[in-house]
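Here it is: the structure, laid out below.
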Amino acid sequence: MKGRLEGIFQRLSGRRKSLTWQISSLFALISFLVIGAMGISIDRMLAGELLEANDVLLLGNMSLLRGKLARLGLSETVLSSPRFIEETGMGYRKLALAVLDEDRRILRASSEFNIPVSALPEKAIPMEALPDRVDEASQRELRARFGGLSRQWTAPDGRWYQVLLARVPLASGANGQPPAVLLALSYDRSLPRELLARYRKGLIETLVASVLVAAALGIWAARVVLKRVRRIAATAGRISARAEEFLESTLAFNHMLDRLEDSFKRLSEFSSDLAHDLRTPINNLLGEAQVALSRPRDAAEYRAVLESAVEEYERLSRMIENMLFLARADNAQARATPQWIDLREALGKILSYYELIAEDRSIRLALEVRSEKDGKPRAWADELMLNRAVGNLLSNALRHGRPDCTVTVRAVARGDGSAEIEVANPGSGIAAEHLPRIFDRFYRPCSSREESSAGSGLGLAIVKSIAELHGGKVGVRSEPGLLTTFTLSFPAAGGA
């Protein structure tokens, strides 16, 4: 036992580094995924906010240009004036202006304007559509009316630009139609781009730091978790080779788990079998009642239906009574009141009760009673329970015995006061795979249940419960095609 435990803990200790690495890697991966997902989400949100802010900036400056033109007068001379073009930036070199004709030929542009014509927005916003005060609400309204407002362009040197195009009608034009020019206002986004770049750099640094911290936390957590394993290994190393009681405790614990698993399995099967066995007589009663009520009948026919129903009711009553007895036995509510019983007299009465049933099936009954060491042929048992147990075994033997055979009941009273009763019948026998469960409730070796109407499947389970209430036991031996023997044993007085 000691060597086995030490081997287990040595293997666990050998995998300690691997477990530590796995836990720390898991912590680092979770940290990377969480912080990375949050960083990407914030990056996208920040980029969208900066884009909208740039649109507001361009729209605001274009609205200021409209007010300035309103004061100076709308004419191509004013718009093409170098002074007007250069003053548009208002001292802010990030803004640049260009004046184009309707064919998008540049008429005049500030020195900072380097946007190619092909990079300009496809649609020009009418100058009169611009609001006096630009805010997010007016920006969303313009975007809904004209689609995209500005357009982004990246210069060969890597600079980012955002450009807005507006259409300005002039004071006079040919053929009565006022000519118009286009104003292109660009904004150098290098500063916001640098802001995004710094943010992304900080995000990468945060990711690296968080992964390292998470890995360190993972190593610490793994060591805390494995600390108890090392303690168990150290305790196992101190266990002496003479501590064999651990082996017995382990085996007892394993047997307990096996019994619990078997109990749960049997409980599930018990529920299924109980539902089936209750359904059969109830369906019979329901079917007979429905047939009887399908048309008017005379008193004799109704009496026949009632007589048939009484048989089903009696069967249900026996089943319920047997189930109640088993329930009381399981909960220690049924108690045996043993006394000395003369086996020859008690078994003789039981056999005489079943003689008519045996004759109907052409089966003979035989009784053999003997005692060892010239003792009295008696058993220390509850008389009613003994009659019930032997009756169930005898009824089972008559049901499965071959015609023209002999069912033998043997009883042996031993010198120590214990007794054993056997009921043997020639017949088809019980297959070996059914023997371990033959005393289970509702268990029938016949899987097709064609004999379910002959018995409730509780008789042998009651025999087992009666034996256990007396402190005894039951057993079965079967030779397929030859002989099946059930054994019921009772301990000596005071042995229960």
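The values are calculated or read from the model by the stated rules, or taken from the named source; none is laboratory data. Model, not experiment: these values are computed from the prediction. Just the protein is used for accessible areas: all its heavy atoms, side chains included, with ligands, DNA and RNA removed. Shrake-Rupley method; radii C 1.70, N 1.55, O 1.52, S 1.80 Å.
Which percent of the accessible area of the range 96-186 is formed by carbon and sulfur heavy atoms (probe 1.4 angstrom)? Present the calculation step by step, with values, prior to reporting the outcome.
On the way: 2240 of 4880 Å².
Carbon and sulfur atoms account for 46 percent of the accessible area of the range 96-186.
Amide H to amide H, which residues 5 or more places from Ile363 or on other chains are under 5 Å from it, using H placed in the peptide plane?
Residues meeting the amide H criterion: Asp404.
Show which lysines lie in cross-link reach of Lys123 when reach means a straight Cα distance below 30 angstrom and same-chain residues fewer than eight apart are skipped.
Result set, ordered by chain and number: Lys68, Lys94.
Something else: Give the lysines reachable from Lys265 as a straight Cα distance under 20 Å; neighbours fewer than 8 places away on the same chain don't count.
Lys464
In the range 285-409, carbon and sulfur make up what percent of the accessible area (probe 1.4 Å)? Intermediate results must be reported in sequence, preceding the final value.
Working: 4060 of 7930 Å².
Carbon and sulfur atoms account for 51 percent of the accessible area of the range 285-409.
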